[in-house]
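As structure tokens, the structure follows; a few thoughts come after it.
Where a number appears in this text, it was derived from the coordinates with a stated rule and is not lab data. For clarity, every value in this text was computed on a predicted model and none was experimentally measured. Cβ placement follows ideal geometry from the backbone for every residue including glycine, while neighbour counts extend to all protein chains displayed.
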There are 4 protein chains.
Amino acid sequence: MIKASVIGATGYAGAEVVRLLALHPEVELVYLTSQSYIGQQIDDVYPHLKGFVNNVLVEQETEKIAESSDVVFVALPHGHAVSTGEAVVKAGKKVIDLGADFRFRNALVYEQWYKVKHGAPALSETAVYGLPEINRERIRDAVVVGNPGCYPTSALLALYPLVKEKLIDPQSIIIDSKSGVSGAGRTPAIGSLYTEAAEGIKAYNVGRHRHTPEIEQELSIFAGESVYVSFTPHLTPMIRGILTTAYATLSDKAKSLNLNQYYREIYAREAFIRVHPEGVWPQTKWVLGTNLCDIGVAADPRTNRVVVTTVIDNLVKGAAGQAVQNMNIIFGLPEKTGLEVPPLYP
Amino acid sequence: MIKASVIGATGYAGAEVVRLLALHPEVELVYLTSQSYIGQQIDDVYPHLKGFVNNVLVEQETEKIAESSDVVFVALPHGHAVSTGEAVVKAGKKVIDLGADFRFRNALVYEQWYKVKHGAPALSETAVYGLPEINRERIRDAVVVGNPGCYPTSALLALYPLVKEKLIDPQSIIIDSKSGVSGAGRTPAIGSLYTEAAEGIKAYNVGRHRHTPEIEQELSIFAGESVYVSFTPHLTPMIRGILTTAYATLSDKAKSLNLNQYYREIYAREAFIRVHPEGVWPQTKWVLGTNLCDIGVAADPRTNRVVVTTVIDNLVKGAAGQAVQNMNIIFGLPEKTGLEVPPLYP
Amino acid sequence: MIKASVIGATGYAGAEVVRLLALHPEVELVYLTSQSYIGQQIDDVYPHLKGFVNNVLVEQETEKIAESSDVVFVALPHGHAVSTGEAVVKAGKKVIDLGADFRFRNALVYEQWYKVKHGAPALSETAVYGLPEINRERIRDAVVVGNPGCYPTSALLALYPLVKEKLIDPQSIIIDSKSGVSGAGRTPAIGSLYTEAAEGIKAYNVGRHRHTPEIEQELSIFAGESVYVSFTPHLTPMIRGILTTAYATLSDKAKSLNLNQYYREIYAREAFIRVHPEGVWPQTKWVLGTNLCDIGVAADPRTNRVVVTTVIDNLVKGAAGQAVQNMNIIFGLPEKTGLEVPPLYP
Amino acid sequence: MIKASVIGATGYAGAEVVRLLALHPEVELVYLTSQSYIGQQIDDVYPHLKGFVNNVLVEQETEKIAESSDVVFVALPHGHAVSTGEAVVKAGKKVIDLGADFRFRNALVYEQWYKVKHGAPALSETAVYGLPEINRERIRDAVVVGNPGCYPTSALLALYPLVKEKLIDPQSIIIDSKSGVSGAGRTPAIGSLYTEAAEGIKAYNVGRHRHTPEIEQELSIFAGESVYVSFTPHLTPMIRGILTTAYATLSDKAKSLNLNQYYREIYAREAFIRVHPEGVWPQTKWVLGTNLCDIGVAADPRTNRVVVTTVIDNLVKGAAGQAVQNMNIIFGLPEKTGLEVPPLYP
């Protein structure tokens, strides 16, 4: 049994790690930490877990936790995972950070967009960007995994096949994403109230969302050149789910290709990616509660552009599920272990 | 492996049986029938199932299906299960009917409320009302199970402990239920449109909903007298879920009892019932996607009444999940088999 | 032109008073106060008002405000309206309080349920309970109006015709209410988040909601005896709206009556009440954005009970609209002035 | 008083025309037609209108209707307005068609995208495209107005200022739109059910939605060259509202401009357009129930693109409200007449 602990278990991402690990046949939950609910059982804070997990929430004593765990999931606001990560690594254990602290190869980019000093740039450089469909081999040997952001997961899985084969002009990319409200977390804020978020949609942080440099970092690696994208996130009235609609101008190389078939081939062995037939455009609900990423793709000859849509559950493939997938890879388990439930529909 | 077929696999209840059996370690899906989608794969009709089930939907040839199956789930509109049930029984197999055709001991009551002739009153008399928490022993040996309606499941689990121990005046019962829209099925109707059902709530079929006599039949058995209830269903803007709020006047016998503790004791061994502490009132989302029934209960000394609230997922404990639970009982499996996933929250 | 000010203009109820007065042909808005947004324009806080109202939000300097106003609307948390009310009365102006501070004839009842000392019990005794359909004559001459709570408005309009004519046993009343999330106000709280409130329903404060004594106070006046009710509020996934389902046992006197027709007659001259034909049960959306109260009513001979459902927009007839209606009465205007917009549907 | 009739009064767009004209001080409703509800009162079909409009729905006898009316609003499925339009014109009256039949200058384009023969290409050529902010002068004298589609309204108001001043490369335009479900009308369809549309988002008709050529026709006029766009509509879980996010590459000419200020100037005299300050991105709810179009705009120097978002209520500015605005222009009334209600928020 893998001994796993979760730092920050009462935010939505952390609680979702707990929910998934509760099902996982090879995992034993050791410590769950919280700031607001120390001393309470997690199933009092989250009654849906009653009968499944009843750990008492504890303070974050990192060394003690690292010692008793094989892997530590960190689900803290950015800036708070660095020292935790260092301590766990020092204890010789694995870290999977669901925040932004270990996603950037270049700490300066992180510092510029997140407006905080990075406490351990060297450790960050050695961390692996945990998108298994692309970095699987490197994740296997990772000590620290920077688990991708929700938007970047949906955007990169949409664009990877196009960029890596130079089927598009990488400077023409436009990424229009629509996220459910759980992406904003459980901290009360006016904009996340039912009254404010239901029955309406809005763009936010246009041109300056912090997931932009993360997307650009990875696309630049695929492209072998510096890529800049237009990225617009939208707050959408649904609890879970991200739909990303990506646009780009096709290169000459793409012209002879059936893009839909190409996507099906490139992702054929992926357990969590489902490419739909041409003309079928997935809906976020088709993946609800699962680690799946569904893809629709078609060329538009009228404009010489390609349109790709991807849908994920932002709390699963966009956070906790992908973290568990990464854990499975690190510990040599089949990637689907503990992640086999079909989507909940309708 | 239990060989199971589903008649009417493309309605919401039928598709949910399929989704649950896809996970079930002891079941093999044999035939899935449909009227509207014959010849298509079920995962083309319901793309969320892609990668999980890909049976081709077939016409309903009952004899052939019965022959190849150990158990047949029937998810048809009322009136259509009778002849199917007869054929399956004739073939020596088990029937679990998710509709109303086998729920009534007295076919006349059925005929009066459903306005159709019952084709096999004798078979109906031998069917077992499939509420495992109450009829578990009889279900074990059942050939035909009349799987309870969604509202009756929530109402009966709320009231059973009170009525059977005469803790309330059985003629004082008021049942105010709130259901999600999936209860209305997948057949397009104006009242079920997003535009009409979102952001509003309404009562419907006040005093004349067809689940009323079903509730009364079972309560009368518990009480040992004819019980009549006020039952008001409400259409609530949510996809899944039923919340039932039940009210009744306490008898003298109840006065010395701690009702909350009594409920905890009476349901202590039930795998799918969670009684919450006094003052905690469950929310439908705490059971989303699962076969659980959560209960809140408290006496109100100001009015000498008791208030009980129960929440279920109408498509799971209120339909498909309970059907699978009944199958597990019939085939001697642990009741939780295939039904162990924690609720999806938020 | 009536000079009107709003104390607490940036909560939902206060902002709704502003939205309605912006349309009102006989009103000039003088001061709008806020605690959190002093110095900002109200249309920066609420951009939907851009082009309609652009007052700068000011601190609450009550005397100055009272001096410049004919009427002061108070939309503060309970406990905070008392001193404001006193100051406005002293200045010889009218007060319409949307909170609970002036709703109770007996300050002790208020203190017991609201757990705060009432600062001006004598003033409270002279205040008029602002339900125009019942207290119209007394409102005309009121100096202080205690504007009814949202739940009580829906419950009292449902039950008034029954109780005052002794058509029911007043001790048999059960009130099951379903409210939209705006009833919880704009202050961020976990339970009001989209993620927590969408797609689920729950009962809360069962048997101890603060609107209970308010309902009982008025019903007791109608009945001429002390009435106690079971009242259960439910948080429902919609922004606006309250549906109240009320149940009671019919008296002999009711037996010869056509209740539906009786309701139509008793409310025939009311501008804001629409009684629907027997068998039509209103939906909250039928009154969205308006001061209307729609009613459905029918006797149930099987149980000898009556079921009444009422729907209102909790922020309009349940708060700001009723306050404006009260203002119209006090200032001798037709009650519909400024309240004539049809509901928004779908 | 203007005598107005509505052909197709029981679809959402038609019923919204009725709701708005019920408020309109200069209009008398003459005939309301329906196919499904002939002989019923409109307030029985739409109870929210009870007390506001009670016309009996009649069959469409066009000549009789035209004779008794000054203006006829047509809210029929495409293909059905042509002969109606011809008859009304023959009677010397005005036609405002909310469908697609009179939107295209070139009937061949219509026929290619809508797959039906156009019955009166010559009449279509003389019709005026009813976007008042751009075609106000020509609308004044129009006999037939082709009222714009909902998506085109939001897209054209977003892009008009950029295209007409050549501030962008017109061939670089990408339009990503998110619409509420009422855009799909009131005809029951699986995809419009609450269960299917709530809590999820999807793209549809990617690259082949029928509003594409309408957008391109108008943009080509602004640009003075043939413009082709990528247009992707998305079905969003809200009843009303469209948010359009438009992207384009800036031309050199744009570089010295403050785009936000430019938008404020160009739309300064428009009664229904509100340009928000830089960094404020409007939400569909800010315009709910009104004829407003709110705009957010900013240049992104990182990518040399501009992002514009517009929000409208698809049933008002995207259909019925714009139709009333056009009527006001034709009959010489102030454009805001009957359209002055502030948005409903929250």
Rough spin-label spacing in nm, given labels placed 7 Å along Cα→Cβ, for residue C:278 and residue C:106
3.9
Relative contact order (%) - chain C, alpha-carbon pairs under 8 angstrom, separation at least six:
17
Cα-Cα over 27 Å: which of C:3/C:90; B:202/B:253; C:50/C:317?
B:202/B:253
Please report, for the Cα atoms of the protein assembly as shown, the Rg to one decimal and the Dmax as a whole number; what are they, in angstrom?
31.5, 89
Among C:99, C:146, C:119, which one moves the most in a GNM of chain C with springs linking Cα atoms closer than 10 Å?
C:119
Simple SL model, points at 7 angstrom along Cα→Cβ for residue B:117 and residue C:83; separation in nm is 8.0
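State, as an integer percentage, the relative contact order of region D:151-314 based on alpha-carbon contacts under 8 Å between residues 6 or more apart.
Once divided by the residue count of region D:151-314, the mean separation gives 30 percent.
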Copy-to-copy spacing for residue C:39, label 7 Å out on the Cα-to-C-beta vector, in nm, shortest first?
4.0, 6.8, 7.3
Near the axis that takes chain A to chain D, which A residue has its beta carbon closest, and at how many Å?
A:176, 2
Rounded to the nearest 500, what is chain B's calculated 222 nm mean residue ellipticity when only DSSP H runs of at least 4 contribute -39500 (n - 2.57) each, over all residues?
-8500 deg cm²/dmol
Taking only C-alpha pairs under 8 Å that are 6+ residues apart, what is the relative contact order of region B:30-119 in percent?
22
Size of charge dipole - region A:177-332 - debye, nearest 20, with Cβ of Lys, Arg +1 and Asp, Glu -1, no other charges
180
Put a point 7 Å out from Cα along the line to Cβ at residue B:332; what are the distances to that point in the other copies, in nm, shortest first?
3.9, 9.0, 9.3
Per-residue average of Cβ from other chains inside 10 Å of C:207-214
2
Work out the length of the dipole vector of region D:2-126 about its Cα centre, built from +1 on the beta-carbon of each Lys and Arg and -1 on the beta-carbon of each Asp and Glu, and round it to the nearest 20 debye.
260
Taking a point 7 Å out from Cα toward Cβ as the label site, list the nm distances between residue C:106 and the same residue in every other copy, smallest first.
4.7, 7.5, 8.1
Between helix D:12-23 and chain D: long-axis angle, C-alpha atoms, 0 to 90°, nearest 10
80
If you average the C-alpha positions of region C:269-305 and of region A:196-217 separately, how far apart do those two centres end up, in angstrom?
44
Furthest towards positive pole of dipole, D:48, D:99, D:71, structure part region D:46-102, Cβ charges
D:48
Which order, highest average first, do C:251-263, D:176-188, A:42-54 follow once you tally other Cβ atoms within 10 Å for each residue and take the mean per peptide?
D:176-188, A:42-54, C:251-263
Once you average over the residues of B:16-27, how many Cβ atoms of partner chains fall within 10 Å of each Cβ?
1
Between residue D:37 and residues 5 or more places away or on another chain, which pairs have amide H atoms under 5 Å apart, with H built 1.01 Å from N, and which residues are they?
none
Residue farthest toward the positive end of the dipole of region C:151-314, with Cβ of Lys/Arg at +1 and Asp/Glu at -1: which of C:243, C:171, C:288?
C:288
Given a 10 angstrom Cα cut-off, can you work out which residue in C:145, C:58, C:109 is the most mobile in a GNM of chain C?
C:109
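Of all DSSP beta bridges located in region B:2-126, what percent are antiparallel, nearest 5? Intermediate results must be reported in sequence, preceding the final value.
On the way: 1 of 14 bridges.
For region B:2-126, the DSSP antiparallel bridge percentage is about 5.
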Charges only on Cβ, +1 for Lys and Arg, -1 for Asp and Glu: so what's the dipole of chain D about the Cα centre, in debye to the nearest 20?
480
Under Karplus coefficients 6.51, -1.76 and 1.60, residue-wise ³J(HN,Hα) of region A:319-328 in Hz, glycine/proline x
6, 5, x, 5, 4, 5, 4, 5, 4, 4
